[in-house]
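Presented below is the structure to which this report refers.
What follows draws every value from the coordinates through simple rules; no lab data is involved. The structure displayed is predicted, hence computed values, not measured ones.
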Amino acid sequence: MRRILLTFAVLAALALPAASAARESTPNDGTLSVREARGSITIQGPARGAVIGSIRNGSVTINDPIDSDGTGPIVTGDEWSKERSETATTWGGNRVRFRIIGGTFRIVVRGRGINLSMVGKGNVILKGMGTEDDGSYSVNGEGYSLIPPFSFPFPLSATSP
C-alpha cells in the first residue's frame, strides 16, 4: 500500500510542473485525479492539457492527431504495443506509465490499479468494473467520490462540479 501511495504522490507532483512548462494555464482549466481505479477512463476531445498516469495491469490507447502541438505520448514499462492508426497506439502490460503534455489528444485507459492526473479541458467518461472497490476520483480539488459501475460522462473544466 505504501508503494502505491508513493507512486501516486510522485505522479501527482510531476503533473503540475510538467503541465505548466508545456503551456500557459488558462482560467478554464480543470483538474482530475483518479486513484486505484478498476475499469476504464476515457478522456476525449477536444481534450487539451496534460495527463500523467500509471496502470498496474491493463492498457492505454493514446490518439495524438497533431504531431507538433505537444510532447506526444511518452509510455514506459509496456510489454506490448499495437499501432491502431497513424495517430493512435495502444500499449499494455504490467506497471505501464504514460504521459502526454500539451496539445490535443484522446486517451482510453483500461485495467486495474489506474492512477491518473489531468490538468486541462476535455470530456471524461469514468466506468468502474462493478466490483466493491472500483477506485475513486476527484474533480477540481473536491473530495474523492467512488467511481460508478456505469458510464459516467462529464466535461472537465474549472467549472465542473
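The spread of Cα positions in the range 110-157, taken along each principal axis and listed from longest to shortest, comes to 29, 18, 16 Å.
Using θ = phi - 60° in the Karplus curve 6.51 cos²θ - 1.76 cosθ + 1.60, the 3J(HN,Hα) couplings for the range 131-147 round to 8, 5, 9, 8, x, 9, 9, 9, 10, 6, x, 6, x, 6, 10, 6, 6 Hz; x is entered for Gly and Pro. 3J(HN,Hα) along the range 35-46: 10, 6, 7, 10, x, 9, 10, 10, 10, 10, x, x Hz, from the Karplus curve 6.51 cos²θ - 1.76 cosθ + 1.60 with θ = phi - 60°, whole Hz, x for Gly and Pro.
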